[in-house]
Amino acid sequence: MATEAIPAPPVATPGNEAPSDELDLVARAKGGDGAAFSVLINRYEGKVFRLAMNITQNREDAEDVLQEAFFKAYEHLDQFQGNSKFYTWIVRIAVNQALMKLRKRKSDRTISLDEQIDTGEDMVVREVAAWDPDPEERYSRDEIHTILTEAIDGLLPIYRTVFTLRDVDGLSTEETAEALDLSVPAVKSRLLRARLQLRDKLTRFFKRKGDDAFAYM
Amino acid sequence: MLTCKEFLTELTDFLDEKTTTEIRAKLQRHITECPNCWVICDTTKKTIQVYKGMESCTIPEDIHSRLMAAVERKIAAGKK
Ligand SMILES: [Zn+2]
């Protein structure tokens, strides 16, 4: 079945190669060293779980995706060439697994991360108001965490995923494109929309006191 | 002079410092002349900063233990 395939090894992109300790860990894991594979798991499980939550929006599904992604990675370690970071590779596997979950849930075989993408309307900037120089200082750490999490949860899965990989996890645009199997221009336009939508949502909390929205219009 | 729409289209590359010097100069000029786009640019930059500062995600303990147990079983089964 085509959907069971794991992604082909990514093509080499200069600068995106795996750090050498990763190659070493993968080599040892290939040789059956469980401890080496555990190091890789511990390094990335949090991010992979968050990614799976972002796409499936369901804790049990996300846990399944997490386990299946590391199983598949283990089974196919020989296909990991070190042309990309291990994280980019495991993200690609996890995204595939997460999409399979969504397909099963919705019995829709054609589902993709881009399925609900808007057509330009979502680039509208609704609120233009300057922020405090240090907007976070008005809130406690917990409050900030809630504000940021709720804002990001309000995005479509594709925007949430692109923003998280690119701006939170710090992958390059090229690595994000590779991980999500999108073109570089597609990543850029989704990233722009994600950033603008988040900016819009956060303005409500972070705008300078006394400033009205549209004060600069 | 760029339109605001053109400015927005370039915003991601501008913030990531991926534009050519020529386009960068045009964008710079636009924000000195357009207060709206200046605010959008500034607050988008801050948006990215606050998320960068977000504490790294920790996996729930129960999910972590079940994952490690499942992988251990898998590796053990492969060795037989
Ligand atoms: Zn403008």
Kindly give Rg over Rh for the range A:135-215, based on alpha-carbon atoms, with the Kirkwood expression for the hydrodynamic radius. 1.05
Note the angle between two axes, namely the Cα long axis of helix B:35-52 and the longest principal axis of the Cα atoms of chain B, as a number of degrees from 0 to 90, rounded to the nearest 10. 20 degrees
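Ignoring ligands, DNA and RNA, please state the percent of accessible area on the range A:135-215 from carbon and sulfur, probe 1.4 Å.
Details: 1610 of 3390 Å².
Carbon with sulfur: 48 percent of the solvent-accessible area.
Which translational diffusion coefficient, to the nearest whole µm²/s, is obtained for the range A:20-104 from the Stokes-Einstein equation, given a Kirkwood hydrodynamic radius over C-alpha pairs, 37 °C and 0.692 mPa s? Walk me through the intermediate numbers first.
Working: Rh = 12.9 Å.
This corresponds to a translational diffusion coefficient of 255 µm²/s.
Relative to the Cα centre, what is the charge dipole magnitude of chain B, using +1 at the beta carbon of each Lys and Arg, -1 at the beta carbon of each Asp and Glu, and rounding to the nearest 20 debye? Let's see the in-between values first.
Working: 13 positive and 12 negative charges, 106 e Å.
Around 520 debye, computed over chain B.
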Does anyone have the angle between helix B:61-79 and the longest principal axis of chain B? Alpha-carbon axes, 0 to 90°, nearest 10? 60 degrees
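Go through B:D42, A:D78 and list them by solvent-accessible area, largest first, probe radius 1.4 Å. Before the final figure, lay out the partial values.
Details: B:D42 30, A:D78 105 Å².
These residues rank, largest area first, as A:D78, B:D42.
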What average count of beta carbons from other chains do you get within 10 Å of the Cβ of residues in A:68-76? 2
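Please report, in debye to the nearest 20, how large the charge dipole of the range A:20-104 is about its Cα centre when each Lys and Arg carries +1 at its beta carbon and each Asp and Glu carries -1 there. Please list the in-between numbers first.
Working: 12 positive and 12 negative charges, 67 e Å.
Value, rounded to 20: 320 debye.
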List the residues, sorted by chain then number, that are 5 or more residues from A:W131 or on another chain and whose placed amide H is less than 5 Å from its amide H. A:R208
Gap separating the Cα centres of the range A:147-209 and the range A:73-94, nearest whole Å: 24 Å
Label-point gap, in nm, between A:E143 and A:A27 - each point 7 angstrom along Cα→Cβ: 5.3 nm
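Can you give the average number of partner chain beta-carbon atoms within 10 Å of each beta-carbon in peptide B:31-44, as a whole number?
Working: counts 0, 0, 0, 1, 5, 5, 3, 3, 12, 8, 1, 3, 16, 8.
Taking the mean over all residues of the peptide, I get 5.
The values are calculated or read from the model by the stated rules, or taken from the named source; none is laboratory data. As the structure is a computational prediction, the values presented were derived from the model and not from experiment. For neighbour counting, all protein chains shown are included, and Cβ atoms are generated from backbone atoms with ideal geometry for every residue, glycine included. Please note that ligands, DNA and RNA were not included when accessible areas were found on the heavy atoms of the full protein model with its side chains. Shrake-Rupley method; radii C 1.70, N 1.55, O 1.52, S 1.80 Å.
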